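A quick write-up on the structure given underneath.
The values are calculated or read from the model by the stated rules, or taken from the named source; none is laboratory data. Model, not experiment: these values are computed from the prediction. Neighbour counts are summed over all protein chains in view; Cβ atoms, including those assigned to glycine, are modelled from backbone coordinates with ideal geometry.
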Amino acid sequence: MRYDPSAIEPKWQEQWDNARAFATPTSLADLSGKPKFYVLDMFPYPSGAGLHVGHPEGYTATDVVARLKRMLGFAVLHPMGWDAFGLPAERAAVREGIHPAIITKRNTDNFRRQIKRLGFSYDWDREIDTSSKEYYRWTQWIFLQLHKKGLAYLAEVPVNWCPAQGTVLANEEVKDGKYVETGDPVERRTMKQWMLKIPLYAQRLLDDLDGLDWPDGVKEMQRNWIGRSEGAEIDFAVVVDAGASRPTFRVFTTRPDTLFGATYCVLAPEHALVDAITTPVQRAAVEAYVTAAKQKTDLARTDLAKDKTGVFTGSYALNPATGEQIPVWVADYVLATYGTGAIMAVPGHDERDHAFAKAMGLPIVPVVAPAGGGALPTPIEDAAFADDGVSVNSGFLNGLATEQAKARMLDHVESAGWGSRRVQYKLRDWLFSRQRYWGEPFPVLHTDDGEIVAVEEAALPVELPPVDEFKPTGDGRPPLGRASDDWQVVTLADGRKARRELNTMPQWAGSCWYYLRCSDTATTEKAWDSALENYWMPVDLYVGGVEHAVLHLLYARFWHKVLFDCGLVATKEPFQKLFNQGMILAYSYQDAKGRYWGHDDVVEKDGKPVLKATGEPLKSQIEKMSKSKLNVVNPDDVIADYGADALRLYELFMGPLEQVKPWQMAGVEGVSRFLARAWRLVVDEETGALNKKVTEAPSSSEPALQKQLHKTIKKVREDTEALRFNTAISQMMTFVNDATTAATLPRETLQLFARVLSPYASHLAEELWARLGGQGLCCQQPWPAHDDALCADDTITLGVQVNGKRRDEIAVPAAAPDDQVQQIALASPLVQKFMEGKPPKKVIVVKGRLVNIVV
RNA sequence: GCGAGCGUGGCGGAACUGGUAGACGCACUGGAUUUAGAUUCCAGCGGGGUGACCCGUGGGGGUUCGAGUCCCCCCGCUCGCACCA
């Protein structure tokens, strides 16, 4: 009777279901007294393609942790759900003419089936679908809280319009002028849109990162995205003919110490003052430049980053420090969206200004010298000196180090009335509306006279209306514009007519708070129960891909802080510990013509991949899994061949969770072999009865194995808690190897091992536990305690070095004092040979490690 | 360009705060069991000599009794950001 996962896995999944083994108590009374552990996966977007083996990597990790924590006596919250609103379902809906809700249901059903087959210990009672009206009702409700606090507003703003998607995008979704998800080009357009004032929370979002147990890289990315910089805003007066008013513009600079070196100013093409200060002579040129800049896509603007362009306005401004008249230019290297949209240019000490000055023949004045007093590394005409140093040519700043010069100038700027200190953030208002159907409708109404009225909380949810098609209307309104007037037109309490908002929320909205709803999915009266939220929050471990380092995690933190300010949550931060799993790659195979071949068409020959049919040699490489490269590995197939336990184990055995690593089927075979060996420890394959080696004697009757068992109990727990699953598994393999060669197998030892195996190969562990006569479910047993005395060896082997080179190995009692260890080491013939009769100058004994004899 | 990280056998990877490099697994080789294959079990497996010797953690230097681990320089790869004043 061989190890047959297909026979045992569905059986135990059913038993777990029947016993409701993983249902977390919903009432606080059943929870209190227990320490809590909230372990959460980033909810997947249920795509039509189904799961690939990359998905279960993080899910397996969290499941192992959840199962271990339960055995350790924690109340564990371990939910799963679907981040189910999103563009792909809507595009499929347009293509197939089917409602996106139906497509989404199809996809979530498939995802759920695939995930369930892996035997994860989710509490399925708490499953969440962010696109269900029971859920998005509260997403809308949270939006109303933001709106109430004045954090949401409607504005005519330049937006990122993506023609291919037919919708606007948030800044965070655009990189190099392209939509990060699809690479479709993005252009600037001015539209009336919902915005959220996330910059008001910039400082707190920055400060509170410090207390979080997150990967440094992710914290750094968030810091960069928030982009705090300190400096000054300084006013520059434009020089005009006598009698005219004196317009001023304000610049932002982080280097106020270089004000004496500002030899020109630049306004962004979109700057409001451009038109006013352009002189008649320059008007044609400036207008042409501004028009051209407007027409350029963001992509074109960034592409041309190297070649600076610009045009002189004809006007001059006064440098407040020098009193000199400096020219004012218009150039698109100055961003309208950052700072004030205008800069003072210091070509001597800023690379961008330097490049522009060189291109336009503008003067370059050095005002900072290297700190040591030496010459500039390169002449100021050839390169800007952007480092800190000592101020020169700068009047009252001369001789001051950059730090002091900055402070001094800031004081002066403020006392002279030139401007003021200022902290600037890159983080900008979050563009929060989309011109799509498949999202949360905004719970707001527009009256004919332009007033915005929030929908009553009691009237939520504002449900998605039926529409004939999911495309925008002919006159360019969003798909909701196709809804009937019954939906679109609402009569207010005062009798006025109002129309519903036609935009919907972006996909991020739903994922901003699912972790809160999971703490209490039962209530229908409110978004969550405060007492339960208090008990469960924060999330103790949140696992997902790095791709959400900025977007999802920043948005969720923002909402959470707003909810905190509203007194609706008790924690400042939602996710205490974050862990990013590394992407799983796969081998792909190409023939000489570059055509891809799937795994099934390829065989290994002399260690080289060849085409099965023709023997043609193929090129192989490790790439991201993708349909077009025919290298997607489907968990269903792996489970069919090796079972869920083998898949789970291999996901974690491959290497450290955070690492990017290639999928290798032979590796699955390896862990599957390990599981079969564990099976044979318990089951006699000939008869199906218990292994004849199993005895009723206590564990101590097989002392070496008992020691290995206790080491395994200890290491598996420690490594699992530290998320080092690969080494935990290798320790279990070592135990099974030892057990395989042991003369007898005490039942007690095997029962304890079944419990250790349980978080990882959960189905097999149940089967072994039952066959060994264990009572109840294995996964509900307490985690075994290890005996430290049994984890230590009586005798240990030490390396002995002579002059740092390893020469021999000695066995000593673990408790032996240093001088005894030293004597044994010096007595070794090999050691004596390498000492060449010289007396030892120094002997270093490192406890439990080695002895080094220096001669 | 800037920022972060990483380079260890044929492959995935071990090595806790500097302390016996290569755990565990894959692949490979030999042997046993088997009618044969699969399975299973045992043994070997960094390189070179193939005698108890030398060399080895991307390359070069340094600190140390001792360096994969710490410091400096260089090479290569990955990720993130990219005119943020």
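You will find that of A:Tyr542, A:Tyr535, A:Tyr587, A:Tyr596, the residue that is surrounded by 15 or more Cβ atoms within 10 Å (Cβ to Cβ), within 16 Å of RNA strand B (Cβ to nearest atom), in contact (Cβ under 8 Å) with a residue 12 or more places away in the chain and hydroxyl-bearing (Ser, Thr, Tyr) is A:Tyr587 and no other. Of all residues in segment A:480-526, exactly one satisfies the criterion of being among the hydrophobic types (A, V, I, L, M, F, W, C), surrounded by fewer than 20 Cβ atoms within 10 Å (Cβ to Cβ) and in contact (Cβ under 8 Å) with a residue 60 or more places away in the chain, namely A:Ala522. Here A:Met344 meets each of (1) near RNA strand B (Cβ under 10 Å from one of its atoms); (2) farther than 30 Å from A:Ala416 by Cα; (3) modelled with pLDDT of 90 or more with one exception, condition (2). Answer with yes or no whether A:Tyr589 is touching a Leu at 6+ places or on another chain (Cβ under 6 Å) and not polar (S, T, N, Q). Here the answer is yes, as A:Tyr589 does meet what is asked.
Rundown of residues vs (1) away from RNA strand B (no atom under 15 Å from the Cβ); (2) without any contact (Cβ under 8 Å) to a residue 60 or more places away in the chain; (3) under 30 Å from the mean Cα position of the chain (by Cα), yes/no style:
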| site | (1), (2), (3) |
| --- | --- |
| A:Thr167 | yes, no, yes |
| A:Glu172 | no, no, yes |
| A:Trp194 | yes, no, yes |
| A:Leu200 | yes, yes, yes |
| A:Asp208 | yes, no, yes |
| A:Gly217 | no, no, yes |
| A:Ile234 | no, no, no |
| A:Val240 | yes, no, no |
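The residue that is surrounded by the most Cβ atoms within 10 Å (Cβ to Cβ), among those in segment A:737-763 that are touching a strand residue (DSSP E or B) at 6+ places or on another chain (Cβ under 7 Å) and not in a helix (DSSP H, G or I), is A:Leu745. Listed by first and then second residue, the pairs linking a residue in segment A:395-418 that is farther than 19 Å from A:Pro370 by Cβ to a residue that is of a type in the set (Ser, Thr, Tyr) and in a helix (DSSP H, G or I), with Cβ atoms under 9 Å apart and 6 or more places separating them unless they lie on different chains, are A:Met409/A:Thr258. Among the residues that make up segment A:270-277, is at least one of them at pLDDT 95 or above, of a type in the set (A, V, I, L, M, F, W, C) and away from RNA strand B (no atom under 13 Å from the Cβ)? No.
Within segment A:262-288, being in a helix (DSSP H, G or I) and surrounded by 21 or more Cβ atoms within 10 Å (Cβ to Cβ) holds for A:Val274, A:Ile277, A:Val286.
Can you spot a residue in segment A:180-199 that is of a type in the set (Val, Ile, Thr), part of a helix (DSSP H, G or I) and in the same structural domain as A:Gly339 (by TED's automatic domain parsing)? Taking every residue of segment A:180-199 in turn, none turns out to be of a type in the set (Val, Ile, Thr), part of a helix (DSSP H, G or I) and in the same structural domain as A:Gly339 (by TED's automatic domain parsing). If you go through segment A:590-611 and keep only what is in a strand (DSSP E or B) and out of contact with any helix residue (DSSP H, G or I) (no Cβ under 8 Å at 6 or more places or on another chain), you end up with A:Gln590, A:Trp597, A:Val602, A:Val603, A:Glu604, A:Lys605, A:Lys608, A:Pro609, A:Val610.
Residues that are assigned to a helix (DSSP H, G or I) and touching a residue at least 24 places away in the same chain (Cβ under 8 Å) were ranked within segment A:764-778; the one that is nearest to A:Phe22 (Cα to Cα) is A:Cys778. If I filter segment A:87-106 for residues that are modelled with pLDDT of 95 or more and either outside the structural domain of A:Val543 (by TED's automatic domain parsing) or touching a strand residue (DSSP E or B) at 6+ places or on another chain (Cβ under 6 Å) (or both), do I get at least one hit? No, segment A:87-106 contains no residue that is modelled with pLDDT of 95 or more and either outside the structural domain of A:Val543 (by TED's automatic domain parsing) or touching a strand residue (DSSP E or B) at 6+ places or on another chain (Cβ under 6 Å) (or both). Scanning segment A:372-390 for residues that are more than 16 Å from RNA strand B (Cβ to nearest atom) and more than 41 Å from the chain's Cα centre (by Cα) gives A:Gly372, A:Gly373, A:Gly374, A:Ala375, A:Leu376, A:Pro379, A:Ile380, A:Glu381, A:Val390. The lone criterion from (1) modelled with pLDDT of 95 or more; (2) surrounded by fewer than 22 Cβ atoms within 10 Å (Cβ to Cβ); (3) charged (D, E, K, R) left unmet by A:Arg70 is number (2). Consider segment A:242-280 and keep the residues that are more than 21 Å from A:Leu335 (Cα to Cα) and hydrophobic (A, V, I, L, M, F, W, C). The one that is farthest from the chain's Cα centre (by Cα) is A:Ala242. Is it true that some residue in segment A:822-843 is more than 16 Å from RNA strand B (Cβ to nearest atom), surrounded by fewer than 22 Cβ atoms within 10 Å (Cβ to Cβ) and either over 47 Å from the mean Cα position of the chain (by Cα) or touching a residue at least 24 places away in the same chain (Cβ under 8 Å) (or both)? Checked segment A:822-843: at least one residue is more than 16 Å from RNA strand B (Cβ to nearest atom), surrounded by fewer than 22 Cβ atoms within 10 Å (Cβ to Cβ) and either over 47 Å from the mean Cα position of the chain (by Cα) or touching a residue at least 24 places away in the same chain (Cβ under 8 Å) (or both). Scan segment A:406-414 and tell me whether some residue there is at pLDDT below 90 and touching a strand residue (DSSP E or B) at 6+ places or on another chain (Cβ under 8 Å). The answer is no, given that none of the residues of segment A:406-414 is at pLDDT below 90 and touching a strand residue (DSSP E or B) at 6+ places or on another chain (Cβ under 8 Å). Of the residues in segment A:71-91, at least one is touching a Gly at 6+ places or on another chain (Cβ under 6 Å), within 30 Å of A:Asp184 (Cα to Cα) and hydrophobic (A, V, I, L, M, F, W, C). Do we find a residue being within 16 Å of RNA strand B (Cβ to nearest atom) and under 19 Å from A:Trp194 (Cβ atoms) anywhere in segment A:431-439? Looking for residues that are within 16 Å of RNA strand B (Cβ to nearest atom) and under 19 Å from A:Trp194 (Cβ atoms), one finds at least one in segment A:431-439, hence yes. Of A:Arg246, A:Arg255, all but one fail to be within 11 Å of RNA strand B (Cβ to nearest atom) and among the basic types (Lys, Arg); the exception is A:Arg255.
Conditions (1) closer than 30 Å to A:Val845 by Cβ; (2) in contact with a Cys (Cβ under 9 Å, 6 or more places away or on another chain); (3) within 16 Å of RNA strand B (Cβ to nearest atom), marked per residue:
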| position | (1), (2), (3) |
| --- | --- |
| A:Val736 | no, no, yes |
| A:Ala739 | no, no, yes |
| A:Pro746 | no, no, no |
| A:Leu757 | no, yes, yes |
| A:His763 | no, no, no |
| A:Gln780 | no, no, no |
| A:Pro784 | no, no, no |
| A:Leu790 | yes, no, no |
| A:Val802 | yes, no, yes |
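Of the strands (runs of 3 or more DSSP E) entirely within segment A:385-459, those holding at least 2 residues that are within 25 Å of A:Asp235 (Cα to Cα) and among the hydroxyl-bearing types (Ser, Thr, Tyr) occupy A:419-425.
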